[in-house]
C-alpha cells in the first residue's frame with residue numbers, strides 16, 4: 001500500500017530525509033520511531049503531499065504521488081497531534097465541511113457512522129472549543145475517516161493527551177487496524193509501538209537505522225534497540 005524509494009528532503013543545507021526506502025503492506029501498521037529532529041514529521045508531510053521531496057519517489061495505494069497527487073490525497077486520512085478542526089464550529093459543522101470537500105456520498109449518514117465509530121455521537125453538536133483535547137483528537141480521527149481512506153497517516157496523535165484520552169484513542173486505533181486499515185504512525189511512545197504496530201522503523205538524522213518486527217519484542221528489548229540506534233535513553 002505504501003512504497004518509497006530513495007525519498008529525500010532538504011531544507012536549504014539541512015537534510016531532513018536521506019534516501020528513505022520503505023514498504024508497508026495492506027492492513028499493516030508500521031510505527032516510525034526516533035528522537036526529535038529525526039525526520040518523522042517530514043516523512044509524514046511528504047507522504048501526505050503537503051511537502052514535495054527533493055529526490056526520490058513514493059507510491060500510495062497504486063498512485064504515484066508525483067503525478068497523481070489528487071488521487072493520493074483521496075486514499076489517505078491524516079491525523080496529527082493538532083486536531084485540525086475549526087474551533088468556532090460544532091463538531092458536526094466541521095465534519096459536514098470536510099465531507100463536502102471530499103464529495104462524500106450520502107454524507108449525513110457517513111458523518112453519523114464515523115462519530116458512532118469514535119464513540120462521540122452525543123458530542124456531535126458541541127462547539128469544538130468546548131471539547132476536551134482527547135475528544136477533539138477523537139473527532140479528528142472521525143474527520144480523517146470520512147472519505148473511507150485505505151491509508152491512515154498518524155503523526156504523534158497521542159501527544160498532549162491525558163491518560164484516559166490516550167487509552168480511548170489507543171482502543172479506537174486498535175479497532176481500525178483490526179479492520180484492515182493500513183497505518184503509518186510516528187510516535188515517541190514505545191509501549192504504543194508494541195501494542196499497535198506490526199513492525200517498527202527507527203529514524204535517526206534522516207536515515208533508517210533499524211527495522212524490526214514487533215511481534216516477539218518486549219518493552220525492554222525495544223528500549224535497548226532504540227537506545228543503541230539513537231544514542232538516546234528512551
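The values are calculated or read from the model by the stated rules, or taken from the named source; none is laboratory data. Worth saying up front: this structure is predicted, and the values here are computed from it rather than measured. Glycine also receives a Cβ, built like all others from the backbone with ideal geometry; neighbour counts cover every protein chain displayed.
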Legend entry - Top-ranked residue of the range 101-120 - restricted to ones that are part of a helix (DSSP H, G or I) and within 22 Å of the chain's Cα centre (by Cα), ranked as nearest to residue 179 (Cα to Cα): 117
Legend entry - Qualifying position, being assigned to a loop (DSSP other than H, G, I, E, B), modelled with pLDDT under 90 and surrounded by fewer than 22 Cβ atoms within 10 Å (Cβ to Cβ), among 87, 82: 82
Legend entry - Tally, over the range 121-156, of residues that are in a loop (DSSP other than H, G, I, E, B), over 13 Å from the mean Cα position of the chain (by Cα) and either within 23 Å of residue 182 (Cα to Cα) or touching a residue at least 60 places away in the same chain (Cβ under 8 Å) (or both): 3
Inset, instruction - Among residues belonging to the range 51-77 that are buried (at least 21 other Cβ atoms within 10 Å of the Cβ) and either within 12 Å of the chain's Cα centre (by Cα) or outside any helix (DSSP H, G or I) (or both), point out the one that is modelled with the lowest pLDDT. - result: 65
Legend entry - Residue check, residue 224 more than 18 Å from residue 44 (Cα to Cα) and in a helix (DSSP H, G or I): yes
Inset, instruction - Please work out which residue is farthest from residue 31 (Cα to Cα), limiting yourself to the range 157-167 and to residues that are modelled with pLDDT of 80 or more and part of a helix (DSSP H, G or I). - result: 163
Legend entry - Test for residue 141: is it buried (at least 20 other Cβ atoms within 10 Å of the Cβ) and under 24 Å from residue 90 (Cα atoms): yes
Inset, instruction - Mind counting the residues in the range 1-14 that are modelled with pLDDT under 95 and in contact with a strand residue (DSSP E or B) (Cβ under 7 Å, 6 or more places away or on another chain)? - result: 1
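To keep it simple, each residue is scored yes or no on (1) modelled with pLDDT of 85 or more; (2) more than 26 Å from residue 25 (Cα to Cα); (3) crowded, with 19+ Cβ neighbours inside 10 Å.
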residue	(1), (2), (3)
105	yes, yes, no
128	yes, yes, yes
131	yes, yes, yes
150	yes, no, no
155	yes, no, yes
170	yes, no, no
196	yes, no, yes
